[in-house]
Amino acid sequence: MRFPSPESVSRGVAAPFAVHTDLFMHSPSDWWRSAVIYQIYPRSFADSNGDGIGDLPGILQKLDYVADLGVDAVWISPFFKSPMDDFGYDISDYRAVDPIFGTLEDFKDILAAAHDRSLKVLIDQVWNHTSDQHPWFLESRESRENPRADWYLWADPKPDGTPPNNWLSTFGGSAWAWEPRRQQYYLHNFLTSQPDLNWYNPAVVEAILDTARFWLELGVDGFRLDVVNFFTCDRTLADNPMRPPDMPRPAGATATDPFFSQINQHNLDQPETLALLKPIRQLMDRYGATTLAEISSTEDALLTSSEYVKGTDRLHTAYNSSLMTDEPFTVQRMQALIRQVETLFDEGVICWTAGTHDFPRLKNRWSKYQPSSEFLQAAFDHMFAALIMSLRGSCCIYQGDELGLTQADIPHEKMKDPFGIQGYPQVLGRDGSRTPMPWAKEALEAGFTTSNDPWLPIPDQHRDSAVDVQEANPDSLLHKYQRLIHWRKQQPALTGGDLQLLTLTEERLLGFVRTCDQQQLLCLFNLSPETVYQDRSPLPPCEPTGEGVFSDRSYGDTLEIPPFGVFFGNIL
């Protein structure tokens, strides 16, 4: 075994384990650079009034659970007034709370309670499109001359009356819908009831910024911005090229999703969008608030994400689908991913994310590559939690992933997700990752609601992973997340340090060093189901750390790392 040379992938460290952190140490106002964020999907978190649908008072009731995790912030998915065609991502009033979820006062109570618990609050903002019931669209669709006639993306038909080009909706079919009153088509990258706003119109941009000011004045700490890379399209409306059969699909895209039968070259990821980010960043900075950008459906998830957070005139942090793919989870793959991130995000911050309401559950993603042993599967879950919280940047945990919830199998007759209903059976949709949180194993509907009819069924197998079951088990995944998050806050190298990959001859180990002025932390992860015995002599001298998080298995000059095990050591 040779000496494990550190790689400073983008910052040119000259000597092994050299301290080089002036770019990465940050003040409390830059909390977002290394935050742990917890996503709450309100419909499925907790139901306070027994109607089978989660709501804002339910979030308030369970806020101590979130605070006990130790996370820095919560991201709350849409709770705004909506026809609920896409369960809140089709907004008809940006400033009103939908009665299904409660009232504006209920939200203010959450905001105050969260701040009392030192939790930041990010709320979803869906600025790419509105509901077709939004007053802006109701006016725009009436004629070609009204004051909001060009607030949405309208186009004339081809001479034969068909849509202006071949663009597809992410939810299936053409991305264009006919409006007889205008004798034009409007663009909808999602449902026909979700018309796309015209971000080329300065009046639209100003109206969106006014919406942002409303929530910032209430005291929110930031926004998660939905599908930011869809904000503009190619104004020539050129056709998208078809995807060659041998061309890989983007990370997270299923092989059967028709949307990716094309290379989505002209309908998203346009350079004009980047210029539109400056006024958003300026507004957020005036309020000391932050942005978390969703980068969706792009051909190169990491490259595009990095562009949206480059410099101080763009957004703060972004997440993408690079970990949403079910490709084998190997050392080689993770090394390549980390190298890319360290190269591309030299200025910006990535939010490492392995689960959201839009993707199948993390628990099932790599299970087909793992042994059938429940013990080893649990070990993988614990290892992955440690890994995602040790990488440079922030990270996001989707509700239920800290419990190891599996992807639910929702029969077609009980599906609610329009994406799944329209795409069935080629596309099964997102319902399987949106089932209600199981709070109590033996309670009615696992403690989520007092109704016998929750909006989505709760799988029986989720009861064994309920919060009360895991709280009673000190070795549970929930307790592991709690210990890891609290321990992470005490490690300055993890909250503000550089990252240097290690080249190890043991191919089953992923290793890197996190470095700051106060600490150098060796991080080793066994990505295999076999025990690894690592000779400590080529490694930098270190003392094991992370007591109560992962056990030290050192024997003289040998480091024993169990299947899917983890080792943390403070370098001397």
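Anything in region 203-237 that is open to solvent by 10 Å² or more (accessible area, probe 1.4 Å) and basic (Lys, Arg)? List them, or say none.
Selection gives Arg213, Arg235.
Could you tell me whether Leu268 is open to solvent by less than 60 Å² (accessible area, probe 1.4 Å), within 30 Å of Pro328 (Cβ to Cβ) and in contact with a helix residue (DSSP H, G or I) (Cβ under 6 Å, 6 or more places away or on another chain)? Before you say what the answer is, go through the steps one by one.
On the way: open to solvent by less than 60 Å² (accessible area, probe 1.4 Å): yes; within 30 Å of Pro328 (Cβ to Cβ): yes; in contact with a helix residue (DSSP H, G or I) (Cβ under 6 Å, 6 or more places away or on another chain): yes.
When the stated conditions are applied, Leu268 passes them.
Would you mind telling me which numbered condition in (1) among the β-branched types (Val, Ile, Thr); (2) modelled with pLDDT of 95 or more; (3) open to solvent by less than 10 Å² (accessible area, probe 1.4 Å); (4) in a loop (DSSP other than H, G, I, E, B) Ile59 fails?
The failed condition is (4).
Which ones in region 449-478 are of a type in the set (A, V, I, L, M) and open to solvent by 10 Å² or more (accessible area, probe 1.4 Å)?
Of everything in region 449-478, those that are of a type in the set (A, V, I, L, M) and open to solvent by 10 Å² or more (accessible area, probe 1.4 Å) turn out to be Ile458, Val469, Ala472, Leu477.
Just to verify a result, which residue in region 169-186, among those that are of a type outside the set (Ser, Thr, Tyr) and within 16 Å of Pro418 (Cα to Cα), is most open to solvent (accessible area, probe 1.4 Å)?
Going through the qualifying residues, I end up with Gly173.
Can you pull out the residues in region 417-443 that are of a type in the set (D, E, K, R) and open to solvent by less than 80 Å² (accessible area, probe 1.4 Å)?
Within region 417-443, Asp417, Arg430, Asp431, Arg434, Lys441 qualify.
What's the total number of residues in region 99-127 that are closer than 18 Å to Tyr41 by Cα, open to solvent by 10 Å² or more (accessible area, probe 1.4 Å) and charged (D, E, K, R)?
Final tally of qualifying residues: 4.
Being of a type outside the set (D, E, K, R) and either buried (at least 20 other Cβ atoms within 10 Å of the Cβ) or within 23 Å of the chain's Cα centre (by Cα) (or both) is true for just one of Asn240, Asn146, Asn189, Asn166. Which residue is that? So that I can check it myself, show each step before the final result.
On the way: Asn240 fails: either buried (at least 20 other Cβ atoms within 10 Å of the Cβ) or within 23 Å of the chain's Cα centre (by Cα) (or both); Asn146 fails: either buried (at least 20 other Cβ atoms within 10 Å of the Cβ) or within 23 Å of the chain's Cα centre (by Cα) (or both); Asn166 fails: either buried (at least 20 other Cβ atoms within 10 Å of the Cβ) or within 23 Å of the chain's Cα centre (by Cα) (or both).
It is Asn189.
Which ones in region 128-143 are crowded, with 20+ Cβ neighbours inside 10 Å and closer than 24 Å to Gln422 by Cβ?
Scanning region 128-143 gives Asn128, His129, Thr130, Ser131, Asp132, His134, Phe137, Arg141.
Name, by its number, the condition in (1) part of a helix (DSSP H, G or I); (2) surrounded by fewer than 15 Cβ atoms within 10 Å (Cβ to Cβ); (3) touching a Pro at 6+ places or on another chain (Cβ under 8 Å) that does not hold for Pro157.
It fails just one condition, (1).
All but one of (1) out of contact with any strand residue (DSSP E or B) (no Cβ under 9 Å at 6 or more places or on another chain); (2) open to solvent by 40 Å² or more (accessible area, probe 1.4 Å) hold for Asp86; which doesn't?
The number of the failed condition is (2).
Could you pull out every one of the strands (runs of 3 or more DSSP E) wholly within region 498-566 that has 2 or more residues that are closer than 20 Å to Gln335 by Cα?
Details: elements: 498-502, 509-515, 520-526, 532-535, 542-544, 558-561.
Qualifying strands (runs of 3 or more DSSP E): 498-502, 509-515, 520-526, 532-535.
With respect to Leu527, is the statement that it is open to solvent by 10 Å² or more (accessible area, probe 1.4 Å) and touching an Asp or Glu at 6+ places or on another chain (Cβ under 6 Å) true?
Answer is no for this residue.
May I ask you to say which residue of Thr256, Thr298 is of a type outside the set (D, E, K, R), under 25 Å from Gly423 (Cβ atoms) and in contact with a Pro (Cβ under 8 Å, 6 or more places away or on another chain)?
Answer to the selection: Thr298.
Looking at region 489-518 only, could you name the residues that are closer than 17 Å to Gly546 by Cα, touching a residue at least 24 places away in the same chain (Cβ under 8 Å) and open to solvent by 10 Å² or more (accessible area, probe 1.4 Å)?
Lys489, Gln491, Pro492, Thr495, Gln518
So which pairs qualify, if the first residue must be in region 424-441 and at pLDDT below 95, the second must be open to solvent by 30 Å² or more (accessible area, probe 1.4 Å) and polar (S, T, N, Q), the Cβ gap must be under 9 Å, and the two must be at least 6 apart or on different chains?
Note: pairs meeting the criteria are Pro425/Thr256; Gln426/Thr254; Gln426/Thr256; Val427/Thr254; Val427/Thr256; Leu428/Thr254; Gly429/Gln422.
Here is a list: Asp64, Asp86. Which entry is at pLDDT 95 or above and in contact with a Phe, Trp or Tyr (Cβ under 9 Å, 6 or more places away or on another chain)?
None of the other options fit; the residue is Asp86.
If I ask for residues that are part of a loop (DSSP other than H, G, I, E, B) and open to solvent by 60 Å² or more (accessible area, probe 1.4 Å), which ones from region 243-265 would you list?
Pro245, Asp246, Met247, Pro248, Arg249, Thr254, Ala255, Thr256, Gln265 - these are the residues of region 243-265 that are part of a loop (DSSP other than H, G, I, E, B) and open to solvent by 60 Å² or more (accessible area, probe 1.4 Å).
Considering region 160-185 alone, what residues qualify as being hydroxyl-bearing (Ser, Thr, Tyr) and within 14 Å of Asn267 (Cβ to Cβ)?
Pass one, region 160-185, residues hydroxyl-bearing (Ser, Thr, Tyr): 162, 169-170, 174, 185.
Result: Ser169, Thr170, Ser174, Tyr185.
Please report, ordered by residue number, the strands (runs of 3 or more DSSP E) entirely within region 62-138 with at least 3 residues that are more than 26 Å from Cys351 (Cβ to Cβ) and within 22 Å of the chain's Cα centre (by Cα). Please lay out each step first, then the result.
Details: elements: 73-76, 93-97, 120-125.
In region 62-138, no matching strands (runs of 3 or more DSSP E) lie anywhere.
Would a scan of region 556-572 turn up a residue that is of a type in the set (A, V, I, L, M), without any contact (Cβ under 8 Å) to a residue 60 or more places away in the chain and over 30 Å from Glu327 (Cβ atoms)?
Checked region 556-572: at least one residue is of a type in the set (A, V, I, L, M), without any contact (Cβ under 8 Å) to a residue 60 or more places away in the chain and over 30 Å from Glu327 (Cβ atoms).
The values are calculated or read from the model by the stated rules, or taken from the named source; none is laboratory data. Keep in mind it's a predicted model, so treat the numbers as computed, not measured. As a convention, Cβ positions derive from the backbone with ideal geometry for all residues, glycine included, and neighbour counts pool all protein chains shown. For accessibility, only protein heavy atoms count, side chains too; no ligands or nucleic acids. Shrake-Rupley method; radii C 1.70, N 1.55, O 1.52, S 1.80 Å.
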